[in-house]
1. Go through (1) touching a Pro at 6+ places or on another chain (Cβ under 7 Å); (2) surrounded by fewer than 22 Cβ atoms within 10 Å (Cβ to Cβ) and name the single condition ALA13 misses.
2. When you look at LEU20, is it touching a His at 6+ places or on another chain (Cβ under 9 Å), surrounded by 14 or more Cβ atoms within 10 Å (Cβ to Cβ), under 29 Å from PHE257 (Cβ atoms) and at pLDDT 95 or above, yes or no?
3. List every residue pair whose Cβ atoms sit under 6 Å apart, with the two residues 6 or more apart in sequence or on different chains, where the first one lies in the stretch 97-109 and is at positive phi and the second, anywhere, is of a type in the set (D, E, K, R).
4. Only one of these is outside any helix (DSSP H, G or I) and buried (at least 24 other Cβ atoms within 10 Å of the Cβ): GLY85, GLY35. Name it.
5. How about the stretch 216-252: which of its residues are at pLDDT 90 or above, under 19 Å from ILE299 (Cβ atoms) and among the small types (Gly, Ala, Ser)?
6. Given the condition of a type in the set (Gly, Ala, Ser), farther than 22 Å from VAL267 by Cα and at pLDDT below 95, answer yes or no: does some residue in the stretch 66-81 qualify?
7. Filter the stretch 51-68 down to the residues that are surrounded by fewer than 19 Cβ atoms within 10 Å (Cβ to Cβ) and either within 13 Å of VAL87 (Cβ to Cβ) or among the β-branched types (Val, Ile, Thr) (or both) and list them by number.
8. Within the group LEU255, LEU207, LEU261, LEU188, which residue is of a type outside the set (Val, Ile, Thr), assigned to a strand (DSSP E or B) and either within 22 Å of the chain's Cα centre (by Cα) or modelled with pLDDT under 95 (or both)?
Amino acid sequence: MRFLLDDEQTAFARSLDGLLTAADTPAVVRSWGAGDHGAGRALWSRIAELGVFALAVPEAYEGVGARPVELAVAFVELGRHAVPGPVVETVAAAALLSEPGFSHLAKRFLPGVASGETVVTVALPGGGPYALDGDVADVELRVTGGGFGGEEGQLWGASGARKGSPDVRRSLDPARRLCVPRSGSELLAAGPRVGAGVADAVRWARLATAAQALGVGLALLDRTVAYVKQRRQFGVPVGSFQAVRHRLADAKIALEFARPLVFGAAVSMEPADLAAAKVVACEAAYATARTALQLHGAIGYTAEYDLSLWLGRAWALRCAWGSPGECRGVVLGGGGDGGAGVG
């Protein structure tokens with residue numbers, strides 16, 4: 001089966017690419033990692049103006065309805081440009097709050113999500129003790145006691161700016177800021193519907209993560225191909241060496257194999273398909289990162305070189321929203337749908 005984007009989807013991708021290219025996202029990423037969120041919030045608003053977050057918000061709450069294929073298109077571009085912030089977590093929160101029975105919460109939070117005025121992060125069972133980018137999020141959601149199959153659970157929320165200095169921990173990706181959840185949260189909902197909402201949140205999060213990882217891998221490949229054309233040894237570009245070509249070809253094949261899995265999962269939205277897409281796309285991005293690092297040589301290890309922004313993202317996404325082993329367990333039907341680690 002072939003998955004080809006239509007003209008409208010292709011134009012959407014080009015619009016996002018143009019916006020993000022003009023925004024100098026490497027500088028935005030570095031500022032975000034240093035705790036300066038001004039440029040990142042401005043970019044977030046511009047992304048929202050193109051309708052990215054509205055793709056996960058029902059029309060009743062000022063979104064455009066569930067559009068998973070278009071969401072995957074958008075997140076490939078967000079990954080290609082290493083856009084910082086809890087973009088996946090905001091989509092997951094939108095899916096969680098769209099659960100039937102949460103209309104009062106959806107009305108309260110989702111219009112802001114769709115417009116880009118509200119940045120949301122979410123911490124789910126199995127995801128570790130931290131909230132991604134909790135120091136910048138306007139709303140922080142946390143689920144306790146609930147699993148992924150409709151078990152009893154409690155949904156907690158905290159709104160507004162954090163008081164005092166946030167407790168931020170290091171991540172594999174410096175722009176992914178891990179924060180200790182806020183204290184004094186409000187109990188928003190409880191019961192089996194929380195577990196059902198978590199299951200939907202994980203499905204959407206895995207799709208967004210897979211698409212983002214695909215974009216990260218494509219960016220790493222493009223940058224590495226450009227580099228080996230310029231770097232010379234023995235009087236010729238290193239890209240002319242057969243061993244280098246084979247490594248790049250392997251990376252290209254892995255990414256192209258992941259692409260139809262990502263868009264096929266967006267069409268079906270089945271948990272097993274989404275888990276397969278997530279593990280294949282993230283493993284392809286991880287393998288491409290290893291190739292990029294090796295072919296760049298010593299410069300690839302320096303934090304000052306922009307390649308590091310994509311390397312860190314590839315490593316962090318590999319275990320975010322389900323490790324490779326957990327996702328394979330879902331595909332094989334032998335594991336639960338847990339594992340929402342933030343990386």
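1. Status for ALA13: all satisfied but (1).
2. Yes, satisfied.
3. From the stretch 97-109, the pairs are GLY101/ARG193.
4. Every option except GLY85 fails the conditions.
5. Once the filter is applied, which keeps residues that are at pLDDT 90 or above, under 19 Å from ILE299 (Cβ atoms) and among the small types (Gly, Ala, Ser), the stretch 216-252 yields ALA219, ALA226, ALA251.
6. Scanning the stretch 66-81, I find no residue that is of a type in the set (Gly, Ala, Ser), farther than 22 Å from VAL267 by Cα and at pLDDT below 95, so the answer is no.
7. VAL64
8. Numbers: LEU255 fails: assigned to a strand (DSSP E or B); LEU207 fails: assigned to a strand (DSSP E or B); LEU261 fails: assigned to a strand (DSSP E or B).
The conditions single out LEU188.
The values are calculated or read from the model by the stated rules, or taken from the named source; none is laboratory data. Predicted, not measured: the structure shown is a model, and the values here were computed from it. When we count neighbours, we look across all protein chains shown, and the Cβ atoms used for this are built from the backbone with ideal geometry, even at glycine.
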